[in-house]
């Protein structure tokens, strides 16, 4: 099994390990509504729509993780501009993200003792509780 790229180390916060980073996006609807007022489009139910956002980090905070021994860094991104994108333009980026997420899921499962049968995506056993 191929190993995913190593996760970058996050800076400690107030003496605590920071094990995750998250993003919250604000004003995205406003940016898209403005973009659609310039170039109106219609979308159909279940259609995939690709959106590009230009944002600025408006806030950074730290929250306790469930285990209580570590924190996660929370970035709030305020959208200034948004646009509908051509799926072919962003396909390579999205494909790479999907590939890395699949590798991470496999690594996380393996760490719990759950192995995936090579080439199938099917787990050979469920984790014991």
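Numbers at a glance
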quantity	calculated
Verdict on residue 37 being farther than 27 Å from residue 101 by Cα and at pLDDT below 90	yes
Residue identified as at pLDDT 90 or above and exposed (fewer than 11 other Cβ atoms within 10 Å of the Cβ) among 42, 14, 54	42
Residues of segment 79-99 classified as assigned to a helix (DSSP H, G or I) and either more than 29 Å from residue 31 (Cα to Cα) or in contact with a helix residue (DSSP H, G or I) (Cβ under 7 Å, 6 or more places away or on another chain) (or both), total	1
Subset of segment 21-59 that is in contact (Cβ under 8 Å) with a residue 24 or more places away in the chain, assigned to a helix (DSSP H, G or I) and more than 17 Å from residue 86 (Cα to Cα) - its residue that is nearest to the chain's Cα centre (by Cα)	28
Selection status of residue 17, assigned to a helix (DSSP H, G or I), touching a residue at least 40 places away in the same chain (Cβ under 8 Å), closer than 25 Å to residue 74 by Cβ and over 16 Å from the mean Cα position of the chain (by Cα)	no
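The values are calculated or read from the model by the stated rules, or taken from the named source; none is laboratory data. Model, not experiment: these values are computed from the prediction. Glycine gets a Cβ as well: all are built from the backbone with ideal geometry, and neighbour counts include every protein chain shown.
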